[in-house]
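Every number in this text was worked out from the coordinates using simple rules, so none of it is lab data. For clarity, every value in this text was computed on a predicted model and none was experimentally measured. Because the Cβ atoms are built from the backbone with ideal geometry, glycine has one as well, and the counts that use them run over all protein chains shown.
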Amino acid sequence: MGVRLLGTIAGAVTLALTLAGCSNSDSPPPPATTAPLPTLENPPTRQATVPATSASPAASRTPVASPSPSPTVQATPEPTATQSASGSTSDVIDAAVDTVGAVYRPQLTRDTCIADNPDSKPCVSLSSDEGSVQSGIARFTGGYPDGGGFSFYMGRDLSGDWGYWFGTQQQYYQLVEFPGDLRLCGGGSDVTIRQDPVGSSGPSGTMADGSTIPAEEFVLTVAGSPNSGNRGEGWYRVGGATPGWVPATQSTDASLGSCDLHDAIEGSAPRG
C-alpha cells in the first residue's frame, strides 16, 4: 500500500510538472501576440508626420501670398487698357459707321467709295494708329461718292464704348495722337488736376498755366452729335509729378507751342 501510494504521488508530481512545462511553453506566444500591438502604433506616429509635411504647403502659401501686391501693380498700369483695347479697333469702326451712317473703306478713294455702295452713303476710313486708339482717340477721314471730304474724332468713354467727339475741317487745338504732351491753358491761372474725370472730383494738385505734362489716355465724358454739330466733352489722364485728370478744354497739344489757338476758340478767361 505504501509503495502504491508513493507511485501515485510520483505520478501526480510528474503530471503537474508536465502541465507546468506546457503552460511555460504557451506563455511566450502572448508576448509574441502583444509585441505586434506596439509595432502597430508606429503608423499613427508616421501619420502624424504627414500633417507636418502638409503643413509645409501652408508655409509655401505664405510666399505665394506675398506676391499679392503684384496683381495690384498690374491692375494700376496700362496692361489692362492694352488688353481691353485689343478688340477696340473693330469696335470703334463699327461705332463710327453707325454714328455717321457711312460705309467703311480701309483704303479710301473715290473709286472705292462708289464701288458696292448702291445707297451712295459717305465712306470713312480709320486714320489713327493703334497707340492712339488704345489711348482712347480715333480719327476718321471721310468722303462722299460725288466728291468732298471731312474728318471727325471718336472717343472712348469710361465703360469702353465709343462715341462721337468732334468733327472739323478747320484747325483744332486738341491733342489727338498718343503718346503726346499737353500744354495747360488756364487763362493766366493755375490749372487744377483732378483725381477723377469729373469737375466735382477732389484735386490731386495744381500746375501753373502754360505748364507741359504728358498725356496717357483720353476719356469721353459727354458724346457729341454729328447732326447738330455739337462737340463732345472729355478729359485727359496725365502723368508726371502731379498725376490725375485734366479737362480737354483746359489744355492744348503742346506741339502747337502756345495756347493761342486754344484761347481763340475757347476764350482766354481764367479757368483754374
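Listed values, structure above:
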read-out: Amide H partners (placed H, <5 Å) of G167, local residues excluded; value: Y153
read-out: Sequence of S251, S211 once ranked by neighbouring C-beta atoms within 10 Å, starting from the fewest; value: S211, S251
read-out: Separation in nanometres of the label points that stand 7 Å from Cα toward Cβ, at T168 and K121; value: 2.8 nm
read-out: Potential extension, S268-Q195 segment - 0.36 nm per residue separation minus Cα distance; value: 23.8 nm
read-out: For region 181-262: relative contact order, % (alpha-carbon pairs under 8 angstrom, 6 or more apart); value: 35 percent
read-out: Order of M154, M207 under a 10 Å beta carbon neighbour criterion, fewest first; value: M207, M154
read-out: For region 173-272, with +1 on Lys and Arg beta carbons and -1 on Asp and Glu, the positive-most of Q174, A248, G210 along the dipole; value: A248
read-out: Order of S120, S135 under a 10 Å beta carbon neighbour criterion, fewest first; value: S120, S135
read-out: Inter-site label distance for Y144 and L256 at 7 Å from Cα along Cβ, in nm; value: 2.8 nm
read-out: For region 195-206, Karplus couplings with θ = phi - 60° (6.51, -1.76, 1.60), whole Hz, Gly/Pro x; value: 6, 9, x, 8, x, 7, 5, x, x, 9, x, 10
